[in-house]
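Report on the following structure.
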Ligand SMILES: [Zn+2]
(Lines give C-alpha, C1' and ligand atoms only; values in the text may rest on other atoms or scores of the structure.)
Protein backbone atom coordinates (compact mmCIF):
# COMPACT_ATOMS: atom_id res chain seq x y z
CA UNK A 1 0.00 0.00 0.00
CA UNK A 2 1.34 3.43 -0.87
CA UNK A 3 -0.12 6.56 0.63
CA UNK A 4 0.84 10.14 -0.12
CA UNK A 5 3.81 11.82 1.50
CA UNK A 6 3.48 14.16 4.45
CA UNK A 7 2.71 17.73 3.39
CA UNK A 8 4.90 19.14 6.14
CA UNK A 9 8.11 18.34 4.30
CA UNK A 10 10.07 20.52 1.86
CA UNK A 11 12.85 19.74 -0.65
CA UNK A 12 16.45 19.56 0.62
CA UNK A 13 15.54 17.95 3.92
CA UNK A 14 17.23 14.73 5.04
CA UNK A 15 15.47 11.53 4.05
CA UNK A 16 14.58 9.28 6.97
CA UNK A 17 13.57 5.73 6.04
CA UNK A 18 11.87 3.64 8.70
CA UNK A 19 11.67 -0.15 8.35
CA UNK A 20 8.95 -2.07 10.14
CA UNK A 21 8.48 -5.82 10.32
CA UNK A 22 8.72 -8.82 12.66
CA UNK A 23 12.09 -10.11 13.84
CA UNK A 24 13.54 -12.15 10.96
CA UNK A 25 11.47 -10.35 8.30
CA UNK A 26 14.67 -9.25 6.57
CA UNK A 27 14.97 -5.67 7.79
CA UNK A 28 18.76 -5.89 7.83
CA UNK A 29 18.98 -7.06 4.20
CA UNK A 30 16.47 -4.49 2.97
CA UNK A 31 18.20 -1.74 4.93
CA UNK A 32 21.52 -2.45 3.19
CA UNK A 33 19.85 -2.29 -0.27
CA UNK A 34 17.82 0.83 0.47
CA UNK A 35 20.76 2.65 2.05
CA UNK A 36 22.78 2.04 -1.14
CA UNK A 37 19.94 3.18 -3.38
CA UNK A 38 19.15 6.36 -1.50
CA UNK A 39 22.82 6.94 -0.57
CA UNK A 40 22.08 7.42 3.10
CA UNK A 41 23.53 5.95 6.30
CA UNK A 42 22.32 2.59 7.59
CA UNK A 43 21.69 2.76 11.33
CA UNK A 44 20.92 -0.59 12.93
CA UNK A 45 19.98 -0.37 16.59
CA UNK A 46 20.99 -4.06 16.89
CA UNK A 47 24.51 -3.14 15.72
CA UNK A 48 24.57 -0.17 18.07
CA UNK A 49 23.65 -2.46 20.97
CA UNK A 50 26.25 -5.05 19.97
CA UNK A 51 28.91 -2.34 19.64
CA UNK A 52 28.11 -1.04 23.12
CA UNK A 53 27.99 -4.57 24.56
CA UNK A 54 31.33 -5.49 22.98
CA UNK A 55 32.97 -2.34 24.33
CA UNK A 56 31.30 -3.08 27.67
CA UNK A 57 29.94 0.45 28.02
CA UNK A 58 27.50 1.12 30.85
CA UNK A 59 24.66 1.29 28.31
CA UNK A 60 25.83 -1.97 26.75
CA UNK A 61 25.84 -3.85 30.03
CA UNK A 62 22.30 -2.71 30.79
CA UNK A 63 21.03 -3.54 27.27
CA UNK A 64 22.57 -7.03 27.29
CA UNK A 65 20.41 -8.29 30.14
CA UNK A 66 17.21 -7.43 28.22
CA UNK A 67 18.32 -8.72 24.79
CA UNK A 68 19.30 -12.16 26.08
CA UNK A 69 15.81 -12.65 27.50
CA UNK A 70 14.16 -11.63 24.23
CA UNK A 71 12.81 -8.45 25.79
CA UNK A 72 12.91 -4.95 24.35
CA UNK A 73 15.66 -2.64 25.53
CA UNK A 74 14.04 0.19 27.55
CA UNK A 75 13.42 3.42 25.66
CA UNK A 76 15.80 5.71 27.57
CA UNK A 77 18.69 3.37 26.82
CA UNK A 78 17.79 3.17 23.13
CA UNK A 79 17.38 6.94 22.78
CA UNK A 80 20.75 7.64 24.40
CA UNK A 81 22.57 5.32 22.02
CA UNK A 82 20.58 6.24 18.93
CA UNK A 83 20.41 10.03 19.12
CA UNK A 84 24.14 10.14 19.81
CA UNK A 85 24.71 8.11 16.63
CA UNK A 86 22.34 10.26 14.51
CA UNK A 87 24.26 13.42 15.37
CA UNK A 88 27.35 12.17 13.47
CA UNK A 89 28.15 13.75 10.05
CA UNK A 90 27.30 10.67 7.96
CA UNK A 91 23.64 11.07 8.93
CA UNK A 92 23.29 14.62 7.62
CA UNK A 93 21.87 13.68 4.22
CA UNK A 94 19.58 11.09 5.74
CA UNK A 95 19.56 7.62 7.27
CA UNK A 96 17.65 4.41 7.34
CA UNK A 97 16.57 3.11 10.73
CA UNK A 98 16.73 -0.65 11.15
CA UNK A 99 15.21 -1.90 14.41
CA UNK A 100 13.73 1.41 15.55
CA UNK A 101 11.05 2.46 16.48
CA UNK A 102 9.85 -0.70 18.18
CA UNK A 103 7.06 0.80 20.24
CA UNK A 104 4.45 3.47 19.66
CA UNK A 105 6.10 5.58 22.39
CA UNK A 106 9.41 5.41 20.49
CA UNK A 107 7.66 6.32 17.23
CA UNK A 108 6.07 9.37 18.87
CA UNK A 109 9.38 10.49 20.37
CA UNK A 110 11.10 10.15 16.98
CA UNK A 111 8.25 12.04 15.35
CA UNK A 112 8.68 14.92 17.83
CA UNK A 113 12.35 15.09 16.91
CA UNK A 114 11.83 14.91 13.13
CA UNK A 115 8.60 16.80 12.63
CA UNK A 116 9.07 19.38 9.89
CA UNK A 117 12.80 18.57 9.58
CA UNK A 118 12.83 15.44 7.40
CA UNK A 119 11.16 13.53 4.61
CA UNK A 120 9.91 10.32 6.16
CA UNK A 121 9.27 7.04 4.35
CA UNK A 122 7.99 3.90 6.03
CA UNK A 123 8.56 0.39 4.67
CA UNK A 124 6.58 -2.47 6.15
CA UNK A 125 7.98 -5.98 5.59
CA UNK A 126 5.33 -8.69 5.64
CA UNK A 127 6.40 -12.25 6.55
CA UNK A 128 4.45 -15.14 8.15
CA UNK A 129 5.25 -16.38 11.69
CA UNK A 130 6.27 -19.81 10.32
CA UNK A 131 8.79 -18.18 8.02
CA UNK A 132 10.17 -16.06 10.87
CA UNK A 133 10.75 -19.17 13.00
CA UNK A 134 12.38 -21.03 10.11
CA UNK A 135 14.71 -18.18 9.33
CA UNK A 136 15.77 -17.29 12.86
CA UNK A 137 16.21 -20.78 14.26
CA UNK A 138 18.73 -21.56 11.48
CA UNK A 139 20.78 -18.43 11.94
CA UNK A 140 24.49 -18.68 12.83
CA UNK A 141 26.60 -15.69 13.82
CA UNK A 142 30.39 -15.30 13.84
CA UNK A 143 31.77 -14.86 17.36
CA UNK A 144 34.44 -12.45 16.16
CA UNK A 145 33.29 -10.38 13.15
CA UNK A 146 29.50 -10.72 13.56
CA UNK A 147 28.87 -12.01 10.01
CA UNK A 148 25.57 -13.89 9.80
CA UNK A 149 25.01 -17.25 8.07
CA UNK A 150 22.05 -19.61 7.82
CA UNK A 151 22.14 -23.40 8.16
CA UNK A 152 19.73 -23.77 5.25
CA UNK A 153 19.77 -20.61 3.08
CA UNK A 154 23.33 -19.34 3.45
CA UNK A 155 25.58 -22.04 4.93
CA UNK A 156 29.28 -21.32 5.57
CA UNK A 157 31.73 -23.08 3.23
CA UNK A 158 33.17 -25.03 6.14
CA UNK A 159 30.84 -26.26 8.87
CA UNK A 160 30.56 -23.92 11.86
CA UNK A 161 33.38 -21.70 10.57
CA UNK A 162 33.14 -18.08 9.38
CA UNK A 163 33.97 -17.59 5.68
CA UNK A 164 35.33 -14.13 6.36
CA UNK A 165 37.61 -14.63 9.36
CA UNK A 166 37.64 -18.43 10.04
CA UNK A 167 36.35 -17.96 13.59
CA UNK A 168 33.75 -20.18 15.22
CA UNK A 169 30.04 -19.61 14.53
CA UNK A 170 27.39 -19.78 17.24
CA UNK A 171 23.65 -19.48 17.68
CA UNK A 172 22.88 -16.14 19.29
CA UNK A 173 21.02 -16.54 22.61
CA UNK A 174 18.08 -14.60 21.12
CA UNK A 175 17.84 -16.97 18.10
CA UNK A 176 16.83 -20.09 20.06
CA UNK A 177 13.27 -21.41 19.59
CA UNK A 178 11.93 -20.36 23.01
CA UNK A 179 13.35 -16.86 22.68
CA UNK A 180 12.07 -16.52 19.08
CA UNK A 181 8.52 -17.22 20.26
CA UNK A 182 8.97 -14.66 23.02
CA UNK A 183 10.28 -12.13 20.47
CA UNK A 184 7.25 -12.72 18.24
CA UNK A 185 4.87 -12.25 21.18
CA UNK A 186 6.63 -9.01 22.08
CA UNK A 187 6.43 -7.91 18.45
CA UNK A 188 2.65 -8.40 18.24
CA UNK A 189 2.04 -6.66 21.52
CA UNK A 190 4.44 -3.73 21.22
CA UNK A 191 5.72 -3.23 17.68
CA UNK A 192 2.73 -4.07 15.50
CA UNK A 193 0.84 -0.94 16.72
CA UNK A 194 3.65 1.21 15.27
CA UNK A 195 2.33 0.38 11.77
CA UNK A 196 -1.07 1.82 12.58
CA UNK A 197 0.58 4.88 14.10
CA UNK A 198 2.42 5.70 10.86
CA UNK A 199 -0.67 5.16 8.74
CA UNK A 200 -2.48 7.63 10.98
CA UNK A 201 0.18 10.33 10.69
CA UNK A 202 0.09 9.64 6.92
CA UNK A 203 3.65 9.17 5.80
CA UNK A 204 4.41 7.12 2.71
CA UNK A 205 3.92 3.54 3.83
CA UNK A 206 4.97 0.72 1.52
CA UNK A 207 4.18 -2.89 2.33
CA UNK A 208 6.29 -5.58 0.72
CA UNK A 209 7.11 -9.27 0.95
CA UNK A 210 10.57 -10.72 1.21
CA UNK A 211 11.15 -13.02 -1.78
CA UNK A 212 13.81 -10.93 -3.45
CA UNK A 213 15.12 -8.05 -1.35
CA UNK A 214 17.02 -6.33 -4.16
CA UNK A 215 14.09 -6.38 -6.54
CA UNK A 216 11.53 -5.23 -3.98
CA UNK A 217 13.77 -2.36 -2.86
CA UNK A 218 14.17 -1.31 -6.49
CA UNK A 219 10.47 -1.48 -7.34
CA UNK A 220 9.68 0.48 -4.19
CA UNK A 221 12.08 3.17 -5.22
CA UNK A 222 10.52 3.37 -8.68
CA UNK A 223 7.06 3.73 -7.17
CA UNK A 224 8.34 6.50 -4.93
CA UNK A 225 10.04 8.29 -7.79
CA UNK A 226 6.75 8.48 -9.65
CA UNK A 227 4.89 9.74 -6.62
CA UNK A 228 7.30 12.00 -4.84
CA UNK A 229 10.04 12.96 -7.29
CA UNK A 230 12.84 11.35 -5.33
CA UNK A 231 16.08 11.26 -7.25
ZN1 LIG B 1 33.94 -13.91 11.18
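Which condition number in (1) over 30 Å from residue 208 (Cβ atoms); (2) out of contact with any helix residue (DSSP H, G or I) (no Cβ under 8 Å at 6 or more places or on another chain) is the one that residue 27 fails?
Here residue 27 clears every test but (1).
Return yes or no: is residue 93 crowded, with 18+ Cβ neighbours inside 10 Å, out of contact with any helix residue (DSSP H, G or I) (no Cβ under 7 Å at 6 or more places or on another chain) and more than 21 Å from residue 49 (Cα to Cα)?
Numbers: crowded, with 18+ Cβ neighbours inside 10 Å: no; out of contact with any helix residue (DSSP H, G or I) (no Cβ under 7 Å at 6 or more places or on another chain): yes; more than 21 Å from residue 49 (Cα to Cα): yes.
Against the criterion (crowded, with 18+ Cβ neighbours inside 10 Å, out of contact with any helix residue (DSSP H, G or I) (no Cβ under 7 Å at 6 or more places or on another chain) and more than 21 Å from residue 49 (Cα to Cα)), residue 93 does not qualify.
Take residue 73 and tell me if it is assigned to a loop (DSSP other than H, G, I, E, B) and under 20 Å from residue 187 (Cβ atoms). Even if it seems obvious, please write down each step before you answer.
Details: assigned to a loop (DSSP other than H, G, I, E, B): yes; under 20 Å from residue 187 (Cβ atoms): yes.
Against the criterion (assigned to a loop (DSSP other than H, G, I, E, B) and under 20 Å from residue 187 (Cβ atoms)), residue 73 qualifies.
If you take the residues in segment 20-46 that are touching a residue at least 12 places away in the same chain (Cβ under 8 Å), in a helix (DSSP H, G or I) and more than 10 Å from the chain's Cα centre (by Cα), which one is surrounded by the most Cβ atoms within 10 Å (Cβ to Cβ)? Write out each step before concluding.
Pass one, segment 20-46, residues touching a residue at least 12 places away in the same chain (Cβ under 8 Å): 20-31, 33-35, 37-46.
Next cut, in a helix (DSSP H, G or I) only: 27-31, 33-35, 37-38, 45-46.
Still in the running and more than 10 Å from the chain's Cα centre (by Cα): 33-35, 37-38.
Working: 33: 20, 34: 23, 35: 19, 37: 17, 38: 20.
Taking the candidates together, the pick is 34.
So, in segment 162-191, of the ones that are in contact (Cβ under 8 Å) with a residue 12 or more places away in the chain and assigned to a loop (DSSP other than H, G, I, E, B), which residue ends up farthest from the ligand (Cβ to nearest atom)?
Applying the filter and picking the extreme gives 176.
Please work out if residue 207 is at pLDDT below 85 and not in a loop (DSSP other than H, G, I, E, B). Full working, then the answer.
Values: at pLDDT below 85: yes; not in a loop (DSSP other than H, G, I, E, B): yes.
Yes; evaluated as a whole, the condition is true for this residue.
Can you list the strands (runs of 3 or more DSSP E) lying wholly within segment 111-161 that have 3 or more residues being away from the ligand (no atom under 16 Å from the Cβ) and in contact (Cβ under 8 Å) with a residue 40 or more places away in the chain? Step through it out loud before you land on a result.
Numbers: elements: 119-125, 139-142, 148-150.
Ranges flagged: 119-125.
Looking only at segment 59-70, count how many residues are assigned to a loop (DSSP other than H, G, I, E, B) and either out of contact with any helix residue (DSSP H, G or I) (no Cβ under 8 Å at 6 or more places or on another chain) or buried (at least 17 other Cβ atoms within 10 Å of the Cβ) (or both). Break it down into steps so the answer makes sense when it comes.
Just the residues of segment 59-70 that are assigned to a loop (DSSP other than H, G, I, E, B), to begin with: 68-70.
Still in the list and also either out of contact with any helix residue (DSSP H, G or I) (no Cβ under 8 Å at 6 or more places or on another chain) or buried (at least 17 other Cβ atoms within 10 Å of the Cβ) (or both): 70.
Within segment 59-70, residues that are assigned to a loop (DSSP other than H, G, I, E, B) and either out of contact with any helix residue (DSSP H, G or I) (no Cβ under 8 Å at 6 or more places or on another chain) or buried (at least 17 other Cβ atoms within 10 Å of the Cβ) (or both) number 1.
Taking the stated definitions as given, is residue 8 surrounded by fewer than 19 Cβ atoms within 10 Å (Cβ to Cβ) and at pLDDT below 90?
Numbers: surrounded by fewer than 19 Cβ atoms within 10 Å (Cβ to Cβ): yes; at pLDDT below 90: yes.
Against the criterion (surrounded by fewer than 19 Cβ atoms within 10 Å (Cβ to Cβ) and at pLDDT below 90), residue 8 qualifies.
Tally time: how many residues in segment 149-176 are under 22 Å from the mean Cα position of the chain (by Cα) and farther than 18 Å from residue 26 by Cα?
2
The values are calculated or read from the model by the stated rules, or taken from the named source; none is laboratory data. Note that this is a predicted model, so its numbers are computed, not measured. Positions of Cβ are backbone-derived with ideal geometry, glycine not excepted, and every protein chain shown enters the neighbour counts.
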